[in-house]
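Colleague: Could you have a look at this structure, given as structure tokens, before my questions?
The values are calculated or read from the model by the stated rules, or taken from the named source; none is laboratory data. Since the model is a prediction, treat every value here as computed from it, not as a measurement. Don't worry about glycine lacking a Cβ; one is built from the backbone with ideal geometry, like all the others, and counts go over all protein chains shown. Please note that ligands, DNA and RNA were not included when accessible areas were found on the heavy atoms of the full protein model with its side chains. Shrake-Rupley method; radii C 1.70, N 1.55, O 1.52, S 1.80 Å.
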Amino acid sequence: KIWDVCSLLGTNRTYVSRVINQEFGVNFTTFVNNYRVEHAKQLINENRRISVEDIAEQSGFGSVNSLYRAFETREGVSLGNYRKHK
């Protein structure tokens, strides 16, 4: 959560949010989800048989549906199609 990052950095939410928006052109949630999707892809590439539930949990998503939405937004292809072609 953004509050956790702020606490670790010893700064406020506005500053963290502004830096991410200016430097990366996305909001905090999208910024974090991009890293989660990259981790999900790595998990799939390492183990094609891994369950979607395990991918979501190990990548930090709160639910499988969140993983599906973030994956398709980031990659432009559904998680299912990505897995079929790997």
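Colleague: Rounded, prolate or oblate: which fits the stretch 37-86, taking a ≥ b ≥ c as square roots of the Cα gyration tensor eigenvalues, rounded meaning a/c under 1.5, else prolate when a/b beats b/c?
Modeller: Oblate is the answer for the stretch 37-86, as a/c is 1.5 or above yet b/c matches or exceeds a/b.
Colleague: If you don't mind, another one. List every residue whose amide H lies under 5 Å from the amide H of VAL77, counting only residues 5 or more places away in sequence or on a different chain, with H placed 1.01 Å from N in the peptide plane.
Modeller: none
Colleague: What percent of all Cα-Cα pairs in the chain falls into each 5 Å bin, going from 0 up to the bin containing the maximum distance?
Modeller: 3, 14, 23, 21, 14, 12, 8, 4, 1
Colleague: Within the accessible area of the stretch 1-81, what % is carbon and sulfur when the probe is 1.4 Å and the other protein chains stay in place?
Modeller: Result for the stretch 1-81: 46 percent of the exposed heavy-atom area is carbon or sulfur.
Colleague: Net charge around LEU43, counting only other residues with Cβ within less than 15 Å of its Cβ (Lys, Arg = +1; Asp, Glu = -1)?
Modeller: Taking every Cβ under 15 Å from that of LEU43, the sum is +1.
Colleague: Which order do HIS39, HIS85 take by accessible area at a 1.4 Å probe, largest first?
Modeller: HIS85, HIS39
Colleague: Can I get the semi-axes of the stretch 15-55's equivalent ellipsoid? Compute them from the C-alpha gyration tensor as square roots of 5 times the eigenvalues, in angstrom, largest first.
Modeller: Each semi-axis is the square root of five times an eigenvalue, giving 29, 9, 5 Å.
Colleague: Turning to a different aspect of this structure: Taking 0.36 nm per intervening residue step and subtracting the Cα-Cα distance, what contour gain separates ASN45 from LYS84 on full extension?
Modeller: 12.9 nm
Colleague: Give a residue-ordered list of calculated ³J(HN,Hα) values for the stretch 60-71 (Karplus: 6.51 cos²θ - 1.76 cosθ + 1.60, θ = phi - 60°; whole Hz; x for Gly, Pro).
Modeller: x, 7, x, 7, 5, 4, 5, 4, 4, 5, 5, 5
Colleague: Under a 1.4 Å probe, what is the accessible area of the stretch 22-71 per residue, stated in Å²?
Modeller: Accessible area per residue: 64 Å².
Colleague: If you filter the stretch 1-54 for trypsin sites (Lys or Arg not before Pro), then keep DSSP loop positions with at most 13 other Cβ within 10 Å, what is left?
Modeller: Taking the stretch 1-54 and a limit of 13 other Cβ atoms within 10 Å, the loop trypsin sites (Lys or Arg not before Pro) found are LYS1, ARG48, ARG49.
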